[in-house]
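Undergrad: I have a structure here, written as structure tokens, and I will follow up with some questions on it.
Readers should treat all values here as calculations from the given coordinates under stated rules, not as data from a laboratory. In this text the structure is predicted, and so the values were computed from the model without any measurement. Cβ atoms come from the backbone with ideal geometry, glycine included; neighbour counts cover every protein chain shown.
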Amino acid sequence: MSRTDLIKKLETERNSRVISYATGDRPPFATKIAGDVVPLLGNLLDGIGKVKKISLLLYTSGGDMLAPVRIVKLIRNNCDSFEVLVPYKAHSAGTLICLGADTIVMGKLGELTPVDPTTGHPFNPQNPANLQQRLEVSVEDLNSYLLFAKEKAEVKSEQMIDAYKLLVEKLHPLSIGNAYRAYRMARLLTERLLWLHMDKENDKERIKKIVKEITGDITIHAYPIDSDEASDLGLNVEKADDTLDKTMRGLYEAYATEMKLGQPFHPNELLAGKDSAEIDRPGAYLETSDITYQFTFSGKVQKVIKDNRPTIDLNFESQSWVKK
């Protein structure tokens, strides 16, 4: 079945209007959830109009932490009920989108992850000569270091100042502050998205538990949260039956085929025996049964000689959304 046919089939199965959003995670054509999708989503919603229910089929490894709020609010303003369909990955920023939905419909492979933003340290202290090299700093790494000092190294409370001093010798204090700010933002966003469909007072303890687990207690960023665990956290999860799971996964696999997800990349696949070739590769899709937007990488790949050695030069001239 074509992607359009699968979207229409999902609409019948869910009795809703379906929007599909899939980002790619195959370097160098990887993409992420970002604010540039918002005006395109607005165009799709204008075409759909106000409806009872919208289902967003989502596949992503993450992205900008602020974009989910804009995406969720925009969709919710166009429907009475909003659900996210998760055939496989809805990681990080994708999980935030799910938290803003009334229902999360998860397939057998469906998985969410903790929301643990990582920020960049200005340079890698192991290689200070390279100012372009950035070291990723996670709040959970910082917390784990301090917990290790206290719980395993048995550093006493009055001696913790020395542990802090060692930390700032390796990381700029502003980087530590930036990481903590990102952590606070993740907690705030998680809470605000849950407030969109949960009662602040009556669901207070439930919200507190979800925020605590999603943004702190689960300390591995890529930890997969399946449908059972998501339900145990207090999220409103619906397990897709076999028929629905097959349709959801079929649409994911259509995107995986188009973007060659999970396949190692080598420029020779673009050259196909030639010395040069044009690049025109998809990196993401946002579509309904009527309209398709494709994020396209355009440019040129060619064989060149550098330092008397043959090499392959990959040059992207354009990276943008294109209406198909």
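Undergrad: Within the set LYS9/LYS89; LYS9/LYS300; LYS9/LYS52; LYS246/LYS300; LYS300/LYS324, which residue pairs have Cα atoms separated by over 29 Å?
TA: Over 29 Å Cα-Cα: LYS9/LYS300; LYS246/LYS300.
Undergrad: What order, most packed first, do the peptides 40-47, 95-102 have when packing is the mean number of other Cβ atoms within 10 Å of each residue?
TA: The packing order, highest mean first, is 95-102, 40-47.
Undergrad: If you don't mind, another one. What residues qualify as long-range amide H neighbours of TYR88, i.e. H under 5 Å apart, gap of 5 or more or another chain, H built at 1.01 Å from N?
TA: For TYR88, whose amide H was placed from the backbone, the distant partners under 5 Å are GLU111.
Undergrad: Between ALA272 and ARG70, what FRET efficiency follows from the Cβ-Cβ distance if R0 is 56 Å, with the result rounded to 0.05?
TA: That pair, ALA272 with ARG70, gives E of 0.90.
Undergrad: How large is ³J(HN,Hα) for each residue in the range 243-252, as worked out from phi by the Karplus curve 6.51 cos²θ - 1.76 cosθ + 1.60 (θ = phi - 60°), to whole Hz, x for Gly and Pro?
TA: Whole-Hz 3J(HN,Hα) from phi for the range 243-252: 5, 5, 4, 5, 5, 4, 5, x, 6, 4.
Undergrad: Multiply the residue separation of ASP199 and THR257 by 0.36 nm, subtract the distance between their alpha-carbon atoms, and state the gained length in nm to one decimal.
TA: So the chain would gain 16.8 nm between ASP199 and THR257.
Undergrad: To make sure I understand the rule: partners must be lysines, Cα under 24 Å from the Cα of LYS204, and not fewer than 8 residues away in the same chain. Which ones qualify?
TA: Partners found: LYS73, LYS212.
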